[in-house]
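Please read the structure below before turning to the comments.
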Amino acid sequence: MVIKMSKKVEVKLISKGIQSLLKGNDIADMIGDMGKEMLKEAKNMHNADNYELTVQKGKYRTIAAIKPKDAHAKASNRKYNTLLKVVSKKR
């Protein structure tokens, strides 16, 4: 993939290199830290603090997932869109 930055600058992305970067330990740590911040925010909203964070390396990139653990947290998330609000703040 080639991206033209300007008339004189052209960046060529190597897919395997990008994938290895996205699956690397530095990126995993950064995603884990961001996930912990979002988890903390989600736990402080609407009296439902039973959420869990998982960080895992997928086929192409490292991902973080925050999920409600119990029925109360699920109902709260459904009613108030807690996780959607937390993710929207971080974008």
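Read the figures in this text as sums done on the coordinates, not as results from a lab. Predicted model only: the values in this text are computed from it and were never measured. All Cβ positions, glycine included, derive from the backbone under ideal geometry; neighbour counts span all protein chains shown.
Is one or more of the residues making up segment 30-38 in contact with a helix residue (DSSP H, G or I) (Cβ under 6 Å, 6 or more places away or on another chain), in a helix (DSSP H, G or I) and not β-branched (V, I, T)? Yes - at least one qualifying residue is present in segment 30-38.
Yes/no matrix, rows are residues, columns are (1) surrounded by 12 or more Cβ atoms within 10 Å (Cβ to Cβ); (2) in contact with a Ser or Thr (Cβ under 6 Å, 6 or more places away or on another chain):
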residue: S6; (1), (2): no, no
residue: V11; (1), (2): no, no
residue: L22; (1), (2): yes, no
residue: I27; (1), (2): yes, yes
residue: M30; (1), (2): yes, no
residue: A42; (1), (2): yes, yes
residue: M45; (1), (2): yes, yes
residue: A65; (1), (2): no, yes
residue: H72; (1), (2): yes, no
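Assessment of segment 36-45 against the conditions (over 30 Å from S15 (Cα atoms), under 15 Å from the mean Cα position of the chain (by Cα) and without any contact (Cβ under 8 Å) to a residue 12 or more places away in the chain) yields at least one matching residue. The single condition among (1) basic (K, R); (2) out of contact with any Phe, Trp or Tyr (no Cβ under 8 Å at 6 or more places or on another chain); (3) not in a loop (DSSP other than H, G, I, E, B) that K7 does not satisfy is (3).
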